[in-house]
Amino acid sequence: MLFHVSRKSSVIPFLNTIITIQSLLFRSQTLALTTNTCTGTNTGIDTCSTILQMSSSASSSSNQPPNKVIDSHLHVWADENESTEYPYEANQTPPSNLINISSTQSLLQQLEKNNVDGTLIVQPINHKYDHTYVLNAIKSHPNKFKGMLLFDPSFQDSDLALRYLEDLVLKGFVGVRFNPYLWPENDENDKELKMSTGSGLDVYKRCGELNIPVGIMCFKGLNLHYRDIVNLLEKSKETTMILDHFGFTRLANDDAANDAAVNADDDNFQLLLSLQKYENVIIKISALFRIANDVDKYPFDKVKKERFDVLLNTFGKDRLMFGTDFPF
């Protein structure tokens, strides 16, 4: 089976590389993705054509159902016309070049064009805690879409937070995203321990009981949230944790103003590697442009060598998940 991606993106152009995806969110077979060819310019934003050959990691059998091609990380939001019914969060209007290409209908067209069977839609910040748009997409196309909800840390009461979680799970969401930057500041508590205390910890533990993974977005650097992440892992070994976009471990910039900045980027990656000992940690191979740090461009050879290859050797193929981060 071939998975042909053609869009403006940072799709992984790693030649002759095998990635195994655990399809936690669709409960389908484990798949192996082999990148064969990629054409495009070195700008990293022009249209890239990547052919991913799909093969089952299990023994072949005519009695087995066909493998599914799953994109484990992307976003949809209302286009300009739909935004009258599904308004954007204040100050979160999508970029002008993306606002009209990430609607549900736009995504469906891309799925059909590229022979993709299903996707995990991660709730976008553009609609923040209003899950109506993504929920309607899931309800309209339950065999195509699953959703990862955005946890609202303003629920300080654990009972309310758990009801919020369980209500959205019953409606069709199969994962939870923790965005640590949405947690309110509290001077009375350790500022490095936000997600792993109070209602956040209770929701994280409940996700383990429900067999629902929790994805964490460390946008400003893994080091800022490392203690919080370890605390979660230690307190609930049953919950699967997914670290988005290589854990946001950027490449070291050799042209940085000082050695401390270079060392900080390298140290961040070492922190990510140290999480290998926790068997319930999975890394998303996605959003290459976010970690390239202006030192690597398409086809991201440096990202492959200094990040992907090391993660593959350290975590193994069963603990890496591929996502396109559409429409970015």
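Between the range 112-185 and the range 92-111, what's the alpha-carbon centroid distance in Å? The two parts, judged by their Cα centres, are 17 Å apart. The fraction of all Cα pairs in the range 216-256 landing in successive 5 Å bins from 0 to the largest distance is 5, 23, 25, 22, 13, 6, 3, 3, 1, given as whole percents.
Between GLN105 and GLU192, the simple label model (points 7 Å from Cα in the Cβ direction) yields a spacing of 5.0 nm.
Placing a pseudo-label 7 Å from each Cα along the Cα-to-Cβ vector at GLU80 and LEU273 gives an inter-label distance of 4.8 nm.
Stokes-Einstein diffusion for the range 132-209 at 37 °C, viscosity 0.692 mPa s, with a Kirkwood radius from C-alpha pairs, works out to 246 µm²/s.
Using heavy atoms of the protein chains and a probe of 1.4 Å, the accessible area assigned to HIS141 is about 50 Å².
The values are calculated or read from the model by the stated rules, or taken from the named source; none is laboratory data. Because the structure is a prediction, the values reported are computed rather than measured. As a convention, Cβ positions derive from the backbone with ideal geometry for all residues, glycine included, and neighbour counts pool all protein chains shown. The protein model used for the area step is the full one, side chains on, heavy atoms only, and it has no ligands, DNA or RNA in it. Shrake-Rupley method; radii C 1.70, N 1.55, O 1.52, S 1.80 Å.
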